[in-house]
Amino acid sequence: MWRFVIGRLLQAIPVIFVVITATFFLVRAAPGGPFDAEKAVIPEVKAALERQYRLDLPLHEQYFAYLGDLMQGDLGPSFKYPGRSINELIESGLPVTAELGAYALLIALVVGGLSGILAALRPNTLQDYIPMSLAMVGICMPTFLLGPLLVLLFGIELDWLPVSGWGDIPGDKLMPSITLGAAYAAYVARLSRAGMLEVLSQDYIRTARAKGLPEWQVVIKHGLRGGMLPVVAFLGPAFAGLLAGSFVVETIFQIPGLGRFYVQAAFNRDYTMILGTTVFLSTLIVLFNLLSDIVAAWLNPRLRAQLSE
Amino acid sequence: MSLLSVSNLRVDFNTRNGHTIAVNDISFSVEKGQITAIIGESGSGKSVACYSLLGLLPQPPASIESGQALFEGHDLLQMSEAELRAIRGRDIAMIFQDPMTCLNPFMTIGDQLIEPLIYHKKLSKNDALARAKELLVEVGIRDPDTTINNYPHEFSGGMRQRVMIAMALINEPKLLIADEPTTALDVTIQAQILKLIAELQTKRDIGVIFISHDLAVVADIADQIIVMEKGHLVERGNREQIFHKAQHPYTQKLLAAIPNSTKATSSHEPEPLIQVEHLKTYFETPSQLVKAVDDVSFQINKGEILGLVGESGSGKSTIGRSILRLLPVTAGKVSFAGTDITALKPSDLKAMRRRMQMIFQDPYASLNPRMSVYDTLAEPLLLHGLESRKTVEQAVLKLMDDVGLARAFIRKYPHEFSGGQRQRIAIGRALATKPDFIVADEPVSALDVTIQAQILDLMLALGQQYGLTMLFVSHDLAVVRHIADRIIVLYHGKIVEQGSSEALFNTPQDSYTQTLLQSIPGQSLRAS
């Protein structure tokens, strides 16, 4: 098992390296720079700034210097927030984004998982059709449409929930989390329905029934583990999607998370900020994919045996 | 009073494809301390009848139309789900056909074994585990302290079936229903499991319902035999009555299907078509080297059917695939009509492939479900340029005639056929390129005995008609004896004995061959 984990981590190194390199040169290839403001800056000031941020060096030297800093865990200074390092900015934005992502994931797993299982218990009845139709809507509805619709309905028409912010007014975390989680709940519902349907038709479920176990024990003890495997496999990619989705949601609801920094950094040509967040997020995505593989192996003894070989 | 007495049971199925009567007004009883066998082909309603008693049939599509099933005086069919649940796994337990799929792959066998004890008897987990270990020893599993924490995939098929039996018996049921418990197993393992069930039945003095498609299997153990055909009970009687005085033509057909004859020896010019010299095929996994085929040499003469017999893991299928170069060979030489195939370049292999074909075991899995009969049979003809687009349909129809498929089926897809019909399609596909040599890998193991007999006869007839040379791989000596001229017995990748079918059956030399012979079900039939 450890060999598998270490092997996967080693595999991740070239992936992240390629991400860094590609991002570094792509960002530089985009027209404009961090100090090309609308009002002209005095050439001497611009030169001094560029020297300070090593922009006067040839591109390849900048690249190696950046890699060198990165090895020591230093993501560099921000170009647009003078005096603040990227590490500090990520530290300040991450808890908010992580909290939002965690709530959204929780909603996706609980709401999606439960409705998928319920649907699988009585396939082709209303108990199946209703949640599955809702799931279809959830998949089709983009976040940037769902968010404003929820705001219109619950924030303005009904006036039940605050329309923006994070942690300022009680209840303001609810709408962003639902907006972000809805589409994933829909995917999870479909995956868990398919997984459970497959497992519940297996011979060993009949064996469990023949033992006289009550139906809920058959479903939970014998069905759930196998039925949830597709959902677990989906968690890695879902995590990447949640991060990308959180940028939209943070913008809609004015939430001071990583996503908003990221989007602004792209507009501002804040090179280190773009690079830093990209490296950080791609590392997280790699780790979460690994985590979901490990959970899948933990759930499936046959896979576990293969990995420990 | 009988332990179980079923009267006038009728079970219907309502599906989109129409209304069928799966079990039509049957009555039978099961006595304490006796084994009652229910025999019939797939679709005869034998399993449906038993599942309906325990509420294990999904309703809908099934519906129990009428009947009564008195178990110790209470009607099972009138019970609520909760009442039935209290009986399932406590008073009536079941063993199913395929031990590979009937145990939960996500739970240790210990956890699965103790469930009935904890649920029905409210035992503590430790007491239940102790009881489970006793049961494991009783069904012949050594070292229960370790094995109880293993997962099903760590056991062989026979071992899993022992676990299933332990699980069924753990609550000391009064009635055990065994649904084809040995059909998925090798003959040697089958013999062991049959013996185990009979022993445990006698020791505990319980009633057993033994469901099977194969009369030979129950010949040594059943006290009472019920024969079902298309939902009807057509004959019942004790062993003597069924095996020696069968009245109903269907029972007689089942009896005739038991492979029990040696093929008449035919003389073949001893001209070798296939020569296998020192063949070795090894598989490497990170932890070990598996010597699946370990230094095997033999030859197959032109026009001959050579039987290759052994149990799962003996390397018999690997030999077949190695000869066709479907697997990389580790060492050794395979010659086909004088050409060394192991040295052939991939480009020359295609021409060779036309002359060597394969028929696989599972006709449900080996046919592409998205290809019609026409597509399946026309593909090899067109691929090898044997027919043009214009003439291919006639050639396909001719093939269908040869393998006994009605011409009207040409546009149908595999799921519309029965297992026997699918195997006919697979045989047609193998014959399409007019090969000289066919490897048949357990072609009848997945089929009911009656269908098995039909397919074997078809293969014999086609073998003659096409002048085929065949390597017939099987775990079942009785089947091989029916079709093969010569037999090779394989054990752990090595040949332990070879000879003419006649000699091998009458004077087996090797002890393993003797075990195989003794494992053929229905010994008492042959003795009498």
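The values are calculated or read from the model by the stated rules, or taken from the named source; none is laboratory data. Remember, predicted model here, so these are calculated numbers, not experimental data. Cβ coordinates were reconstructed from backbone atoms using ideal geometry, including for glycine residues, and neighbour counts include every protein chain displayed.
For segment A:215-283, list the helices (runs of 4 or more DSSP H) that sit wholly inside it and hold at least 3 residues that are in contact (Cβ under 8 Å) with a residue 60 or more places away in the chain and within 14 Å of chain B (Cβ to nearest Cβ); which are they?
On the way: elements: A:224-227, A:229-252, A:258-268.
Passing ranges, in order: A:224-227.
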Can you give me the ranges of the helices (runs of 4 or more DSSP H) entirely in segment B:291-394 with at least 2 residues that are closer than 27 Å to B:ASP186 by Cα and among the basic types (Lys, Arg)? B:316-323
Tell me yes or no: at least one residue of segment B:317-336 is at pLDDT below 85 and among the small types (Gly, Ala, Ser). no
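Yes or no: A:ALA189 of a type in the set (A, V, I, L, M, F, W, C), modelled with pLDDT of 90 or more and closer than 19 Å to A:LEU105 by Cβ?
Criteria met by A:ALA189.
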Taking segment A:78-104 as the region of interest, how many residues are aromatic (Phe, Trp, Tyr) and closer than 30 Å to A:ALA185 by Cβ? 1
Given the residues B:SER297, B:SER287, which is the only one that is out of contact with any helix residue (DSSP H, G or I) (no Cβ under 6 Å at 6 or more places or on another chain), at pLDDT below 85 and surrounded by fewer than 16 Cβ atoms within 10 Å (Cβ to Cβ)? B:SER287
Picking from A:ILE156, A:ILE205, A:ILE130, A:ILE169, the residue that is without any contact (Cβ under 8 Å) to a residue 40 or more places away in the chain, of a type in the set (A, V, I, L, M, F, W, C) and within 14 Å of another protein chain (Cβ to nearest Cβ) would be A:ILE205
Checking the condition surrounded by 21 or more Cβ atoms within 10 Å (Cβ to Cβ) and either touching a strand residue (DSSP E or B) at 6+ places or on another chain (Cβ under 9 Å) or closer than 25 Å to B:LEU129 by Cα (or both), which residue from B:ALA168, B:ALA191 passes? B:ALA168
So A:GLN127 passes all but one of these: (1) over 30 Å from A:PHE261 (Cα atoms); (2) not in a helix (DSSP H, G or I). Which condition number does it fail? (2)
Note on segment B:91-111: residues more than 20 Å from B:TYR51 (Cβ to Cβ) and surrounded by 24 or more Cβ atoms within 10 Å (Cβ to Cβ) are B:ILE109
Which residues, taken from segment B:136-149, are surrounded by 16 or more Cβ atoms within 10 Å (Cβ to Cβ) and within 11 Å of B:ILE109 (Cβ to Cβ)? B:LEU136, B:ILE141, B:PRO144, B:THR147, B:ILE148
In this structure, is B:LYS133 of a type in the set (Lys, Arg), farther than 27 Å from B:ALA49 by Cβ, in contact (Cβ under 8 Å) with a residue 40 or more places away in the chain and out of contact with any strand residue (DSSP E or B) (no Cβ under 7 Å at 6 or more places or on another chain)? no
Within segment B:148-171, which residues are within 14 Å of another protein chain (Cβ to nearest Cβ) and not hydrophobic (A, V, I, L, M, F, W, C)? B:ASN149, B:ASN150, B:TYR151, B:PRO152, B:HIS153, B:GLU154, B:GLY157, B:ARG160, B:GLN161, B:ASN171
Given segment B:30-138, what helices (runs of 4 or more DSSP H) lie entirely inside it while holding 1 or more residues that are assigned by TED's automatic domain parsing to the domain that holds B:LEU185 and in contact with a helix residue (DSSP H, G or I) (Cβ under 8 Å, 6 or more places away or on another chain)? B:46-53, B:81-87
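Please go through segment A:1-54 and pick out each residue that is outside any loop (DSSP other than H, G, I, E, B), of a type in the set (Val, Ile, Thr) and free of Cβ contacts under 8 Å to residues at least 12 places away in the same chain.
A:ILE6, A:ILE13, A:VAL18, A:VAL45
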Can you find a residue that is under 22 Å from B:VAL227 (Cβ atoms) and within 13 Å of chain A (Cβ to nearest Cβ) anywhere in segment B:34-47? yes
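Counting just the residues of segment A:91-139 that are of a type in the set (D, E, K, R) and over 30 Å from A:LEU281 (Cβ atoms), which one comes out nearest to the chain's Cα centre (by Cα)?
So in segment A:91-139, the residues of a type in the set (D, E, K, R) come out as A:91, A:99, A:122, A:128.
If we keep only those that are over 30 Å from A:LEU281 (Cβ atoms) as well, we get A:122, A:128.
Details: A:ARG122: 32, A:ASP128: 28 Å.
Here the answer is A:ASP128.
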Need the failing condition index for A:ALA189 against (1) in a helix (DSSP H, G or I); (2) over 28 Å from A:VAL5 (Cα atoms); (3) without any contact (Cβ under 8 Å) to a residue 40 or more places away in the chain, just the number. (3)
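Tell me yes or no: at least one residue of segment B:444-467 is of a type in the set (S, T, N, Q), outside any strand (DSSP E or B) and closer than 17 Å to B:GLU311 by Cα.
Quick first cut of segment B:444-467, residues of a type in the set (S, T, N, Q) only: B:445, B:450, B:452, B:454, B:464-465.
Then drop every residue that is not outside any strand (DSSP E or B), which leaves B:445, B:450, B:452, B:454, B:464-465.
Okay, now just the ones that are also closer than 17 Å to B:GLU311 by Cα, so B:445.
Yes, some residue in segment B:444-467 is of a type in the set (S, T, N, Q), outside any strand (DSSP E or B) and closer than 17 Å to B:GLU311 by Cα.
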Residue tally, condition at pLDDT 90 or above and over 13 Å from B:ARG411 (Cα atoms), over segment B:366-378: 0
Kindly evaluate B:ILE319 against the criterion of being touching a helix residue (DSSP H, G or I) at 6+ places or on another chain (Cβ under 6 Å), under 24 Å from B:ALA292 (Cα atoms) and in the same structural domain as B:LEU477 (by TED's automatic domain parsing). no
